[in-house]
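These notes are about the structure you will find just below.
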Amino acid sequence: MANAKITGVGRYIPEKVLDNAYFESIVDTNDEWITRRTGIKERHVSAPDEYTTDMATKAAERAIKDAGITAEDLDLIILGSVTPDYFTPAGACVVQANLGAVNAAAFDFNSACTGFITGLTIAKQFIENGTYKNILVICADVLSKATDYADRSTCILFGDAAGAAVVSASEETGIITTEIGADGTGALALTQLAYRDDEEELEKRVSKNKETIWMAGQAVMKFAVKAMADASQKVLDNAGLTYDDIALVIPHQANYRIVDAAIKRMGITQDKVFLNLEKFGNTSASCIPSSLSQAVEQGRVKNGDKIILVGFGGGLTWGAALLEW
Ligand code: UT7
């Protein structure tokens, strides 16, 4: 049986930056509150005519190059996003055409901010059962286009980004184990309406704009801390390892307080954790793969290192992956 291994990573971060001073100018907030309660200073946002598949394509091109393969070598492209260009076609099909990945099947999936872990889990199955050899997992979101800029409790959090990884069949150890889960009883803690007419949901939104994200921040925060610590422990247990064996943990970064509480629960110190929230805010499912690509570039992940990727998100969902690099 072949192992599934990440052989290339890439990211795309849009150019425009919104700092905390910008939010002081549009809602009743201030830099001190945002910094103390979230840890965020800046976030990048897409241009008005820049969409999920545009960013996904750029991150994908970089991951393919990094893997040393060509687009024609891809057997499957999967894209996790909560801000698709279209309900149909799938964004993965648009990216397939942009890349010229003529041999690849393509589909989208949605597990919100947990997307990259879900994507790796899907890719691992197809590689290990021998169906495919090269799979492109992409997460991309333009959360800025779904943000309620009249809601001070959410608008300060979100940024846009795309992250991608090529997962290939390998004789080397790669994705050792993954763990994903969901608790739909918490589904309405984080919502973005599509066709459903729901007056109650609409009323929750400050702008009354049904296309925006609404979140019960406190409830999500509470769920997130335990979900991340538990998922991370699960993958360690599955592999018979402890945090002493782990070189780096890359968590989903929604709020510094969530990460801080989760790592305390894990019993690890911050030097084992990759953090860039201050500069990017919460970039949904793109957070983990774009952080991974940065961590590799900065030399914080080296050949043979064992690392944990762990996230949570709307659904509610959670997941963790234990990799050997
Ligand atoms: O990726 C998965 C999605 N999850 C997330 O992105 C994050 C989850 N949750 C959070 O990050 C935090 O819950 C928030 C940052 C959203 C809010 O922080 P909190 O500590 O849970 O604050 P809170 O909602 O309990 O609000 C405390 C106070 C309230 O005022 P009162 O009622 O005590 O007078 C809010 O109105 O802080 C107020 N507040 C603000 N004040 C200044 C809320 N947002 C702001 C703001 N500036 N931007």
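Separation of region 82-123 from region 190-205 is 25 Å, based on Cα centroids. For an R0 of 45 angstrom, estimate the FRET efficiency from the Cβ-Cβ distance between residue 303 and residue 221 and round to the nearest 0.05. Calculated value: 0.80.
Note on residue 49 and residue 196: the model spin-label points, each 7 Å out from Cα along the C-beta direction, lie 3.6 nm apart.
If you take every residue apart from residue 42 with its C-beta less than 10 Å away from the C-beta of residue 42, what net charge results, scoring Lys and Arg +1 and Asp and Glu -1? Residues near residue 42 contribute +1 overall. Carbon-plus-sulfur accessible fraction, the chain (probe radius 1.4 Å, protein heavy atoms only): 49%. Applying 1/(1 + (r/R0)^6) with r as the Cβ-Cβ distance of residue 171 and residue 279 and R0 = 30 angstrom yields a FRET efficiency of 0.20.
Pairs from the table (16/279; 16/58; 65/133; 41/226) lying more than 19 angstrom apart at Cα are 41/226. Counting only whole DSSP H helices of the chain, the ones at least 18 Å long by C-alpha along their axis and with mean Kyte-Doolittle hydropathy no lower than -1.0 are 52-67, 115-128, 217-239. Charge dipole of region 3-172 (Cα centre as origin; +1 on each Lys and Arg Cβ, -1 on each Asp and Glu Cβ, all else neutral): 300 debye, rounded to the nearest 20.
What number comes out for accessible area per residue over region 177-324 if the probe is 1.4 Å? Units Å², please.
44 Å²
Calculated mean residue ellipticity, 222 nm, the chain: -10500 deg cm²/dmol, from DSSP H runs (n ≥ 4) at -39500 (n - 2.57) each, averaged per residue and rounded to 500.
Across the chain, the longest piece that holds none of the GluC sites (Glu not before Pro) lying in DSSP loops with up to 16 other C-beta atoms within 10 Å covers 16-170. Taking every alpha-carbon pair under 8 Å whose residues sit at least 6 apart, region 1-109 reaches a relative contact order of 28 percent.
Normalising by residue count, the chain has a Cα convex hull of 123 Å³ per residue. Of the chain, which part is the longest with no trypsin sites (Lys or Arg not before Pro) in a loop (DSSP not H, G, I, E, B) and with at most 14 other C-beta atoms within 10 angstrom? Looking at the chain, 1-195 is the longest stretch - no exposed trypsin sites (Lys or Arg not before Pro) with at most 14 other Cβ atoms within 10 Å.
The values are calculated or read from the model by the stated rules, or taken from the named source; none is laboratory data. Bear in mind that the values here come from a model prediction, so they are computed numbers and not experimental data. Every residue, glycine as well, gets a Cβ built from its backbone with ideal geometry; the counts of neighbours run over all protein chains shown. The protein model used for the area step is the full one, side chains on, heavy atoms only, and it has no ligands, DNA or RNA in it. Shrake-Rupley method; radii C 1.70, N 1.55, O 1.52, S 1.80 Å.
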